[in-house]
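Only the coordinates and a few stated rules stand behind these numbers; no lab work does. Here the structure is a predicted model, which means the values were calculated and not measured. We place every Cβ from the backbone using ideal geometry, glycine too, and count neighbours over all the protein chains shown.
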Amino acid sequence: MPDFIGDRYYSNTARAVAAIATIFISLTYVAGQMRGVGIVFSRFLQVDIATGVIIGVAVVAFFAVLGGMKGITWTRWPSTRCSSSPT
């Protein structure tokens, strides 16, 4: 995205702003997802939310190492299709 913005507007400043915005949005998205995982694991395993987040991060890291980026892509694709399909 930052490369597109930089090329579209012929501006390295626009590229930098887009890069910073992309990082901020990604971190915000991941923080929300990890909080949700922490809540689920805390209720399921009867631990506090912080411990649930750590367990969730460990599970995600395990599968990322095991399957690599291809594995993450193949597990993310069905989730995206299910959440964006019309009901």
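Taking loop as defined by DSSP and a crowding limit of 11 other beta carbons within 10 Å, which chymotrypsin sites (Phe, Trp or Tyr not before Pro) in the stretch 1-34 fit?
Numbers: sites: PHE4, TYR9, TYR10, PHE24, TYR29; in loops: TYR10.
Qualifying residues, ordered by number: TYR10.
For the stretch 2-84, take every pair of Cα atoms, bin their distances at 10 Å starting from 0, and report each bin as a whole percent.
Per 10 Å bin, starting at zero, the Cα-Cα P(r) for the stretch 2-84 comes out as 17, 29, 33, 17, 5, 0 percent.
Where Lys and Arg each count +1 and Asp and Glu each count -1, what net charge lies around ARG15 among other residues with Cβ under 13 Å from its Cβ? The partial results should precede the final answer.
On the way: positive: ARG8; negative: ASP3, ASP7.
Result for the neighbourhood of ARG15: -1.
Using R₀ = 35 Å, calculate the FRET efficiency as 1/(1 + (r/R₀)^6) where r is the Cβ-Cβ separation of ALA31 and TYR10; round to 0.05.
Values: r = 34 Å, r/R0 = 0.96.
For ALA31 and TYR10, the calculated efficiency is 0.55.
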